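Peer 1: The structure's right below; bear with me while I get my questions together.
The numbers here are math on the coordinates, done by the rules we state, and not lab data. Only a predicted model underlies this, so the values are computations on that prediction, with no experimental measurement involved. Every residue, glycine as well, gets a Cβ built from its backbone with ideal geometry; the counts of neighbours run over all protein chains shown.
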Amino acid sequence: MKLHFNIISIVILILSTLFFSCTKKSSDEYIIGVAVPFSGQEGAATYGKNIKQACELAADEINKTGGISGRKIKLVYEDTKLIPSISVDAVTKLSTVDRVDIIIGDVASSSTIACSKVVEQYKTILISPASTSHEISGISKYVFRTIAPDTYEGEAMAEFCKNKGYRKVAICYVDNAGTKGPALIFKKKYEEFGLEVPTFEVLSQGSTDARTQMTKLISSKPDAVYLLGYALELGTMIKQFREQDKLLPIFSFQVMEEPKVREIAGLSAEGVIFTTPTIYEDLASGKSRNFIEKYKAVYTDPPGIFSANAYDAIYIIKYCIDKVGFDKEKIRSELSQISNFEGASGNFSINKNGDSDQKPFLMIVREGKIVKY
Amino acid sequence: MNYQIFLNALATSIGYSVFSLALYGQFTYLRMISISLVTSVIAGAYGCNYAYLMTNNPTISILCGVICGIILGFCGAFLHIKIGREKEVMGLLGSFGYFVIIQGLITIITGGGIEAFKFIPPVSSNMLCSFTYPEWLLFGLIISVLLNVLYIIFQKFFSLSTKAIATGDNYELSKLLNLNPRKIEINIQLLCGGIAGISGIIIAFDKGLHPDLGYDIILKAFAILIVTGLNIYLLFFWSFFLALIESIATYLFDGQIGQAVGLSIVVLIVLITILNKNIQISRMKVKLKEQVLSV
């Protein structure tokens with residue numbers, strides 16, 4: 001009898017939890033899901049925090065001025081831990097339990113790619129403020145980005161190296177969708193220019209020993225090197241490259257922004273030139289500067305990586321809803337027609353593949369700080 | 001190819017060598033190799049780093065790294081005795097519990113540490129990153145060779161060594177011989193934890209500090225142990241040899257094929273070593289059998 005009572009109690013508890021966990025949609029609120037990492041591997045929590053703070057700032061501003069067409073924005077968060085399978089669960093939960101129409105996320109390209117099938121199934125709009133892989137371009141009519149694909153960075157760097165007169169640029173990248181993209185595009189573009197990529201070397205993700213790869217790069221006698229990886233590998237590559245060569249110019253991409261890279265590389269990071277979609281204070285003007293000032297006023301620290309892109313994601317949602325109302329399909333259609341939008345990350349349009357077309361900026365590390373090149 | 005490949009291999013082998021030494025000690029004396037030592041490697045590196053950030057003193061920081069390794073070695077021994085040994089699972093449970101606890105502690109220390117450092121001016125730069133390559137190479141090489149030599153001396157001249165072998169071979173019998181196996185086990189764990197801590201410090205000097213430190217090299221350290229056939233005199237040589245194979249393969253072949261070829265060669269050497277040892281053992285058995293029969 002006691003056992004039966006216990007079983008019944010557990011069943012009631014589970015059912016009531018399920019019942020109350022289902023978010024009831026209120027007509028005076030508009031719920032937007034935010035599926036980003038708040039924990040997980042190194043650096044993951046920083047991405048999530050930056051995006052969350054920027055989304056909250058935008059939502060507060062909009063709510064103070066009456067919300068979107070009279071409805072206040074409510075943000076619902078899910079931690080994706082920078083792991084694709086968890087990201088898929090989070091997006092499924094937001095689509096089915098919270099029943100949101102729009103989700104902001106994810107950070108890792110592999111996670112956004114994994115989620116594209118889920119959003120297609122539930123017809124949920126996914127706006128990534130951080131995934132840069134070129135593989136996401138046109139992956140689903142429900143996936144959009146407020147950040148430009150990595151191909152833009154690869155192209156911009158190839159153009160820059162050509163203009164600098166470097167005939168041979170050796171490349172080492174980490175075997176991952178996010179870093180392979182710019183490496184491949186750079187190589188393709190450089191060879192189209194009639195210039196040479198003498199070494200195209202790859203390093204395993206998570207590897208902390210890149211000395212042999214760096215030796216190989218130097219042996220091919222390049223005029224400069226282009227190094228791409230996540231914080232751990234990129235910091236290691238730069239440090240171990242400088243152990244063997246003090247003079248050759250090092251070029252990289254947006255991951256250089258992460259403090260961990262400069263922490264691992266130490267003084268070796270000095271002089272590294274890199275491309276980034278993030279707008280910095282010394283480059284900012286107009287709406288971008290306005291965003292940085294407001295962000296600092298609320299959170300004290302300046303905005304970090306992906307902050308401006310997340311802020312823009314909320315504002316383009318407002319822009320579309322103000323124009324076409326709350327119909328999901330109409331919002332999706334309107335998103336793909338955004339042109340010359342003045343955002344915190346700069347002016348951008350969204351192309352037919354759902355990508356932002358914003359050009360990357362060139363930055364350099366000087367005295368441990370990131371400044372305009 | 002150039003001399004740099006040999007330097008690269010030497011740098012890598014220093015970390016392998018010291019960590020293999022800790023595994024060697026644990027296996028030779030206690031007949032167990034637990035994951036707890038890997039955590040000691042991480043703790044050693046983090047302890048050293050944080051002590052430096054707080055004190056700006058390299059001597060204190062290295063000492064702290066070693067102490068962290070020793071403390072965690074002790075925790076490993078304690079949990080192994082309390083949980084592992086009694087359940088006859090050769091430290092697996094003990095090591096697992098220890099692993100979980102220490103991971104939690106490291107997370108707290110890391111999070112708390114970062115917050116605390118914000119209020120300690122001036123936090124200049126991370127020592128583990130500011131060492132130059134030649135400085136680190138010299139430091140690592142001296143420590144590695146010194147530890148190997150000290151260990152041989154310990155093995156040859158200290159009675160703890162023979163007592164520990166007796167305990168490792170037969171726990172119950174050593175009790176009957178009035179030895180205190182628990183005390184011996186804790187002493188060996190302290191020693192191995194300390195060595196693992198040093199290994200963490202020098203790996204972090206070389207490759208920077210990250211939470212997976214130690215896991216990167218555990219498989220290779222096992223391979224070195226198998227190849228050396230638990231012969232301490234060859235430990236450093238084989239560490240260098242395996243690192244050299246990896247480096248040359250990575251250099252000669254493109255992309256990840258190089259790393260795969262390097263790993264395949266290492267696996268092949270390990271397999272040949274195991275096979276060779278088995279052949280030797282069977283020959284010895286046959287010889288012994290013949291001797292017994294002739295008697």
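Peer 1: Report, in degrees rounded to the nearest 10, the 0 to 90 angle that the Cα long axis of helix A:177-192 makes with the longest principal axis of chain A.
Peer 2: With rounding to tens, the tilt is 40 degrees.
Peer 1: A further question follows. Order A:175-185, B:194-204, A:73-83 from most to least packed using the mean count of other Cβ atoms within 10 Å. List each step's numbers first, then the result.
Peer 2: Values: A:175-185: 22.5, B:194-204: 30.5, A:73-83: 20.9.
Sorting A:175-185, B:194-204, A:73-83 by mean packing, highest first, produces B:194-204, A:175-185, A:73-83.
Peer 1: Summing +1 for each Lys or Arg and -1 for each Asp or Glu, what net charge is found among the other residues whose Cβ lies under 9 Å from the Cβ of residue A:208? Before the final figure, lay out each step's value.
Peer 2: Details: positive: B:207; negative: A:209, A:233, B:206, B:212, B:216.
The answer is -4.
Peer 1: Do any chymotrypsin sites (Phe, Trp or Tyr not before Pro) in the stretch B:143-223 lie in a loop, going by DSSP, with at most 13 other beta-carbon atoms within 10 Å of their beta carbon, and if so which? All intermediate terms of the calculation are to be shown ahead of the outcome.
Peer 2: Values: sites: B:151, B:154, B:157, B:158, B:171, B:205, B:215, B:222; in loops: B:158.
Counting only loop positions with at most 13 other Cβ atoms within 10 Å, the chymotrypsin sites (Phe, Trp or Tyr not before Pro) in the stretch B:143-223 are B:158.
Peer 1: Where does chain A land at 222 nm, in deg cm²/dmol rounded to the nearest 500, when only DSSP H runs of n ≥ 4 count, each adding -39500 (n - 2.57), divided by all residues?
Peer 2: Values: 12 runs with 168 residues, N = 373.
The per-residue figure over chain A is -14500 deg cm²/dmol.
Peer 1: Another one. Calculate the dipole size of chain A relative to its Cα centre from +1 charges on Lys and Arg beta carbons and -1 charges on Asp and Glu beta carbons; express the result in debye to the nearest 20.
Peer 2: Numbers: 46 positive and 45 negative charges, 67 e Å.
Result for chain A is approximately 320 debye, rounded to the nearest 20.
Peer 1: Count the lysine pairs in the stretch A:151-276 that are 8 or more places apart or on different chains: how many have C-alpha atoms under 16 angstrom apart?
Peer 2: So the count of such lysine pairs works out to 15.
Peer 1: Counting partner chain Cβ atoms within 10 Å of every residue's Cβ in B:212-219, what's the average? Mind showing how you got there, number by number?
Peer 2: Working: counts 5, 1, 0, 1, 4, 2, 0, 0.
Mean partner shielding for this stretch: 2.
Peer 1: Assuming 1.567 mPa s and 4 °C, estimate D for the stretch B:162-215 with Stokes-Einstein, Rh taken as the Kirkwood radius over Cα pairs, in µm²/s. Mind dumping the intermediate values first?
Peer 2: Working: Rh = 13.0 Å.
Approximately 100 µm²/s, per Stokes-Einstein.
Peer 1: Quick check on the exposure proxy: order A:289, A:71 from fewest to most C-beta atoms within 10 angstrom. Don't skip to the end; give the middle numbers.
Peer 2: On the way: A:289 14, A:71 18.
Fewest to most other Cβ atoms nearby, the residues stand as A:289, A:71.
Peer 1: Would you mind giving the mean number of other chain beta-carbons within 10 Å of the Cβ of each residue in A:211-220, as a whole number?
Peer 2: The shielding value for this peptide is 6.
Peer 1: For B:224, B:217, B:5, which order do you get if you count the other beta carbons within 10 Å of each Cβ and list the fewest first? All intermediate terms of the calculation are to be shown ahead of the outcome.
Peer 2: Details: B:224 30, B:217 25, B:5 20.
Listing B:224, B:217, B:5 from fewest to most nearby Cβ atoms yields B:5, B:217, B:224.
Peer 1: While we're on this one: So which lysines can residue B:175 reach, going by Cα to Cα under 22 Å and dropping same-chain residues fewer than 8 places off?
Peer 2: Cross-link targets: B:82, B:87, B:163, B:183.
Peer 1: Next question, about the same structure. How crowded by other chains is B:267-273, given as the mean number of beta carbons from other chains within 10 Å of each beta carbon? If you can, show how the numbers build up before the last one.
Peer 2: Details: counts 0, 0, 0, 0, 0, 0, 0.
The shielding value for this peptide is 0.
Peer 1: For each of A:119, A:298, count neighbouring Cβ atoms within 10 Å of the residue's Cβ, then give the residues from fewest to most.
Peer 2: On the way: A:119 23, A:298 12.
Neighbour counts put them in this order, fewest first: A:298, A:119.
Peer 1: Further question on the same structure: Please list the radius of gyration and Dmax for the stretch A:160-314, considering alpha-carbon atoms only, with Å as the unit.
Peer 2: 16.9, 51
Peer 1: As an exercise, identify the trypsin sites (Lys or Arg not before Pro) in the stretch A:294-373 lying in DSSP coil whose Cβ has no more than 11 other Cβ atoms within 10 Å.
Peer 2: Values: sites: A:294, A:296, A:318, A:323, A:328, A:330, A:332, A:352, A:366, A:369, A:372; in loops: A:352.
Answer in residue order: A:352.
Peer 1: While we're here: If one computes P(r) from the Cα atoms of the stretch B:134-295, what percent of pairs lie at distances over 24 Å? Each step should come with its number before you reach the end.
Peer 2: Values: 7055 of 13041 pairs.
Cα-Cα pairs in the stretch B:134-295 separated by more than 24 Å: 54 percent.
Peer 1: Per q in 0.07 1/Å, what log10 I(q)/I(0) does a Debye calculation on the alpha-carbon atoms of chain A return?
Peer 2: Rounded to two decimals, the profile gives -0.33.
Peer 1: Ok, one more. Output the Kirkwood hydrodynamic radius of the stretch A:40-95, Cα pairs only, in Å rounded to one decimal.
Peer 2: Details: mean 1/r = 0.0784 Å⁻¹.
One over the average 1/r among Cα pairs gives 12.8 Å for the stretch A:40-95.
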